[in-house]
Amino acid sequence: MARERVLVIEDSFETQQLLAELVLEPSGYRPLAAIDGEEGLRLALEEHPDLIILDMQLPKMNGLEVLEALRQREVDIPVIFTTVRESVELVVQAFRLGARDYVIKPFGPQEMQEAIHRTLASDALREERDQLTQQLVEANQQLQRQLQELNVIYTIGRSVTSLLDLNRALNRVVEAAVYLADAEEGILLLLDKEGDELYLRAARGIDEKIARSLRIRVDDSVVGRVIQTDRPVLLTGDRAKVTTGYLAKALLYLPLQVPDRGVIGVLGVVNREVERSFSERDIFLLSALADYAAIAIENARLFGAVEAERAKLEASLREAQDAVIIVDEENNILLCNAAARAALDLVEPDLLHRPAGKVISHPVLHSMFVQVCRTGRASRSEIPLEDGRTFNAQLTPIEGVGRVLMMQDITHLKELDRIKSEFVAAVSHDLRTPLTSIQGYIELLPRAGSLNAQQQEFILRARRSMESITGLLNDLLDIDRLEAGLDLEMVPCDLIQVIEETVKDFRPRAEENKQELRWEPPEALPLVRGNPHRLHQVVDNLLSNAIKYVQEGGWIAVSATEDDEHVVVQVADNGIGLLPAQQPYVFDKFYRVESEETIGTAGTGLGLAIVKAVIEKHNGRVWVESRPGVGSVFSFILPALKA
């Protein structure tokens, strides 16, 4: 079993004890402990342990000072340092001072054991290497350097790609480039908007006066050659004149490349005093850093664009005249504009991330949220407010966002609709008396004397026109009575019986049109509270509508099911279907679909409006799903009576 001695320099007795009991002693290591940096340095020099676990935050001497002191005394003891947060600057500085590895606090016993094993194994290799020839010594040093370089690149890459602060990200890249290439200076230049000049974006080791004014033309510079050729430029040997205005003994420039945008800048390192040229290895390492820099720049650009668009959208929604409320998947408020606050009288200053159910007290809106959460489909309803206004509200689920509530003030439209309805009702009522008289005279004409064939044809046409006008007036008066709440005595109703009787009435008509009328009644269905006559009228209008628009040889299917204390009835067909632009208006008064397939089809445009009025008076909802050339499904849902 291993008996290596491990010195723990840690100002927390609890951490020292945990390391000794859970990590070191179970693995056979002999622990030594120091409570501050000075004591730790003394023990390291006196005892010369096999490994040091060093906390960066220590009294008297911090971790970096201890590493510096060991380095000055040329004491080569492997060190694992611990720190509470990962800092690129700290990692780079510690590695420069000879640290082998690091662990982020808090850490687990297994993580520390692996770090110790990894470090001691590396140190054992170092000792074995020392016994080999000088060639092996140099090779192992090179590998160690490469490991440190890769660790730095990994750390820099992880840090840079997660930063949205472009200044910090690029400065870290330049600092890492200077360290990896062992250079005196580092620069990062970006192309301006015109693409003619490069300006300094980040630097290390350059005089501030030069940095502030540094601009290099692309068409007449070494840096410009990188932009034009999209390849690195390496100059070594005698002092080369650089167009930036200073001399260099060695320089290396690499392109910053972004997909679809090409080269956007240059990363460079320079030695002006030290006689050290750059190598292919430097090109390889700095190319990785150049890629990280390009990623950081592109991420910042994309983030800025997204933030700008988000700000525009938020401003548009916030200042919109329509009321807008956006909630997440858990119905917590993400946005509530001023119009929504005013409409719903929301006076609390901070509504963000509050549950919509606790903020919005209107019962209709509350039921809409419950319904959309349960069904996953959009819901639309009219919202009457206490101040007399009426809003049209639509709650729409949006995948990946949550739900969006849009409310438009339709008070003036409701008033216009009321005036129109009163006018139509009055006109319809006043027209019935003269129309009845005209119809009576038409019926009496054959009794006044014999009529020739042409006269009989004229009378037949007049009778049909009278029947059409009378039907229209009856429908108008019917809607008026529904909206007024008349003829709506509610009793428990069996929808199976209602559908059965209506289907029976329509079978002869379907057979005449060579259409298949399908109806398979369920074994049982809850009763609903409703008006039997009006519910007959709903199913009648839906079947009549389907038969009109289903071609010869087509089918109509009626079904009824129970769904979560509700009864759902559907009338489906494989008829001509509806365009998406037509579907929102099919339940409006007098709306009729105009297409080649509907030419010559009789109707008043009030059948579906009556269906909608009846279902809403029964506290239900009606909707349509349709595809052109495939067919339509008209559905309505009613609350079931509790047993």
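The values are calculated or read from the model by the stated rules, or taken from the named source; none is laboratory data. Source: prediction; values computed, not measured. A quick note on method: Cβ atoms are made from the backbone with ideal geometry, for glycine too, and the neighbour counts reach across all protein chains shown. With ligands, DNA and RNA removed, areas are computed over all heavy atoms of the protein, side chains included. Shrake-Rupley method; radii C 1.70, N 1.55, O 1.52, S 1.80 Å.
In nm, what is the difference between 0.36 nm times the number of residues separating Glu21 and Asn62 and their Cα-Cα distance? Spell out each step's value before the answer.
Numbers: separation 41, 0.36 × 41 = 14.76 nm, distance 2.48 nm.
Stretched out fully, the Glu21 to Asn62 stretch lengthens by 12.3 nm.
Be a star and scan region 349-392 for residues whose amide nitrogen sits under 20 Å from the point 7 Å along the Cα-to-Cβ vector of Asp588.
Answer for region 349-392: 379-383, 390-392.
Compute the length gained on full extension between Arg96 and Gln144: take 0.36 nm times their separation in residues and subtract their Cα-Cα distance, giving the result in nm to one decimal.
Numbers: separation 48, 0.36 × 48 = 17.28 nm, distance 1.20 nm.
Here the answer is 16.1 nm.
How are the Cα pair distances of region 262-402 distributed, in percent, across 10 Å bins from 0?
Pair shares across the bins are 9, 28, 21, 10, 10, 10, 7, 3, 0.
Probe 1.4 Å, all protein chains in place: accessible area of Thr375 in Å², nearest 10?
The value for Thr375 is about 40 Å².
Kindly rank 48-54, 319-325 from highest to lowest mean number of other beta carbons found within 10 Å of each residue. Don't jump to the answer; show the numbers that get you there.
Numbers: 48-54: 23.0, 319-325: 16.9.
Top of the packing list down: 48-54, 319-325.
Compute the distance in nm between two label points, each set 7 Å from the Cα along the Cα-to-Cβ direction, one at Gln110 and one at Asp220.
6.5
Name the shape class, rounded, prolate or oblate, that the alpha-carbon gyration tensor gives for region 505-629, where a ≥ b ≥ c are the square roots of its eigenvalues, rounded holds for a/c under 1.5, and otherwise prolate holds if a/b is larger than b/c and oblate otherwise.
Values: a/c = 1.75, a/b = 1.28, b/c = 1.36.
Cα axes put region 505-629 in the oblate bin.
What distance in nm separates the simple spin-label points at Asp260 and Glu457, each placed 7 Å from Cα in the Cβ direction?
Calculated label separation equals 7.0 nm.
Going by accessible area, probe 1.4 Å, with all protein chains left in place, what is the ranking of Phe95, Phe458, largest first?
Details: Phe95 5, Phe458 110 Å².
Descending accessible area places them as Phe458, Phe95.
Would you mind getting me the FRET efficiency between Leu445 and Gln497? Use the beta-carbon distance for r and R0 = 35 Å, nearest 0.05.
Here the calculated transfer efficiency is 0.20.
Could you order Trp555, Trp519 so the one with the most accessible surface comes first? Probe is 1.4 Å.
Numbers: Trp555 70, Trp519 25 Å².
So, going from the largest accessible area down, we get Trp555, Trp519.
For Leu22, Leu256, write out the residues from largest to smallest accessible area, computed with a 1.4 angstrom probe and no ligands counted. All intermediate terms of the calculation are to be shown ahead of the outcome.
On the way: Leu22 90, Leu256 0 Å².
My answer, sorted largest first, is Leu22, Leu256.
Rounded to the nearest 0.05, what FRET efficiency do Lys548 and Ile295 give with R0 = 60 Å and r taken as the Cβ-Cβ distance? Could you check? The partial results should precede the final answer.
Details: r = 62 Å, r/R0 = 1.03.
In this case the efficiency is close to 0.45.
What nm distance separates the two modelled labels at Thr375 and Asp165, each placed 7 Å from Cα along Cα→Cβ?
So the label points at Thr375 and Asp165 sit 5.0 nm apart.
Rounded if a/c is under 1.5, else prolate if a/b is larger than b/c, else oblate: which is region 487-543, with a ≥ b ≥ c the root eigenvalues of its Cα gyration tensor? Please report the intermediate quantities before stating the final value.
Working: a/c = 3.71, a/b = 1.66, b/c = 2.23.
Because a/c hits 1.5 or more and a/b fails to exceed b/c, region 487-543 counts as oblate.
For region 43-104, what is the Kirkwood hydrodynamic radius in Å, using each pair of distinct C-alpha atoms? Write down the numbers at each step before the final one.
Details: mean 1/r = 0.0857 Å⁻¹.
By the Kirkwood definition, the hydrodynamic radius is 11.7 Å.
Looking at the calculated P(r) for region 335-389, what percent of the C-alpha pair distances fall above 12 Å?
70
Quote to one decimal, in nm, the extra length available between Arg73 and Glu329 on full extension: 0.36 nm per residue of separation minus the C-alpha distance between them. Write out the running numbers ahead of the final one.
Values: separation 256, 0.36 × 256 = 92.16 nm, distance 6.19 nm.
Here the segment from Arg73 to Glu329 would lengthen by 86.0 nm.
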